[in-house]
Amino acid sequence: QVQLVESGGGLVQAGGSLRLSCAASGSRFSLDAMGWYRQAPGKQRELVATITSGGGTNYIGSVKGRFTISRDNAKNTVYLQMNSLKSEDTAVYSCTVWALGTRYWGQGTQVTVSS
């Protein structure tokens with residue numbers, strides 16, 4: 001069983017930056033892809049960014065050029081650097097990882113961007 005612990009959320013003014021972290025523990029195997037989802041009030045959950053075990057990344061269009069996903073395989077940690085934040089980025093951000101075909105979820109961390 002893989003446990004995910006997120007940190008780094010909070011309140012920031014528009015134009016500011018936050019860095020989310022998600023540390024995975026309990027896996028006996030190397031983690032496969034890792035990613036971040038977000039869900040804003042009244043909206044569907046959306047996949048924000050993913051990173052493969054080899055470092056390949058993918059982003060939704062609305063965050064390209066502003067967000068950067070990265071990972072530290074030695075620490076089993078995935079990061080989401082969020083710059084130039086906008087009010088529409090306000091959401092609960094959850095990390096997810098895949099290991100041996102199973103997906104695991106973090107508990108979520110609130111990001112609030114004030115305009």
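Looking at this structure, is residue 93 open to solvent by less than 60 Å² (accessible area, probe 1.4 Å), within 25 Å of residue 115 (Cβ to Cβ), in contact with a Phe, Trp or Tyr (Cβ under 8 Å, 6 or more places away or on another chain) and free of Cβ contacts under 8 Å to residues at least 60 places away in the same chain?
no
Out of everything in the stretch 8-32 that is in contact (Cβ under 8 Å) with a residue 60 or more places away in the chain and under 10 Å from the mean Cα position of the chain (by Cα), what residue ends up being surrounded by the fewest Cβ atoms within 10 Å (Cβ to Cβ)?
In this case the residue turns out to be 19.
Out of the residues in the stretch 1-32 meeting the condition of being assigned to a loop (DSSP other than H, G, I, E, B) and among the charged types (D, E, K, R), tell me which one is farthest from residue 92 (Cα to Cα).
28
The values are calculated or read from the model by the stated rules, or taken from the named source; none is laboratory data. The model shown is predicted, which means the values in this text are computed figures rather than measured ones. No Cβ is skipped: glycine too gets one built from the backbone with ideal geometry, and neighbour counts run over all protein chains shown. For the accessible areas, the whole protein counts, side chains as well, though only heavy atoms, and no ligand, DNA or RNA atoms are used. Shrake-Rupley method; radii C 1.70, N 1.55, O 1.52, S 1.80 Å.
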